[in-house]
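Below is one structure; the comments refer to it alone.
Rule-based calculations on the coordinates, nothing more; no lab input. Computed from a predicted model, the values in this text were never measured in an experiment. Using ideal geometry, Cβ is built from the backbone for each residue, glycine included, and neighbour counts are taken over all protein chains shown.
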Amino acid sequence: MTGQALYAVLGCGLFCLGFHALVVAAHPLRRLLAVNVMGSSVFLVLVAGAAPGDPLPQALVITGIVVAVAATALGLNLLLRLAVPAAADEPADGEGGS
């Protein structure tokens, strides 16, 4: 088995593992991590399938990593907003309101 085939098989295995965690996990943070594992496995398969010396797949993977980091930051921000109790949005006694 060549190195490229090994990376492709490992990438497919990681994708299946991430998909399983996405389906099984109930906690939103674990689901977000599962999506990150799935994205990383796609990057691994793209690099494994690239022809030697071809810079296009490498550029696509670097761009995908940047987008994945931004999407993870957005997902974490949304998870934090879900975790904060709704009472924190209400004004305290004596502040504003009627």
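Is the range 3-82 rounded, prolate or oblate when judged by the Cα gyration tensor, a ≥ b ≥ c being the square roots of its eigenvalues, rounded requiring a/c under 1.5 and prolate requiring a/b larger than b/c?
The shape class here is oblate.
What does the charge add up to near residue 23, with Lys and Arg as +1, Asp and Glu as -1, over the other residues with Cβ less than 13 Å from its Cβ?
Working: positive: 30, 31; negative: none.
So the surrounding residues net to +2.
Working from Cα positions, state the angle (0 to 90°, nearest 10) between the long axis of helix 28-48 and the longest principal axis of the chain.
20 degrees
Subtract the Cα-Cα distance of residue 21 and residue 58 from 0.36 nm times their separation in residues, and report this length gain in nm to one decimal.
Numbers: separation 37, 0.36 × 37 = 13.32 nm, distance 2.75 nm.
Between residue 21 and residue 58, full extension yields 10.6 nm more.
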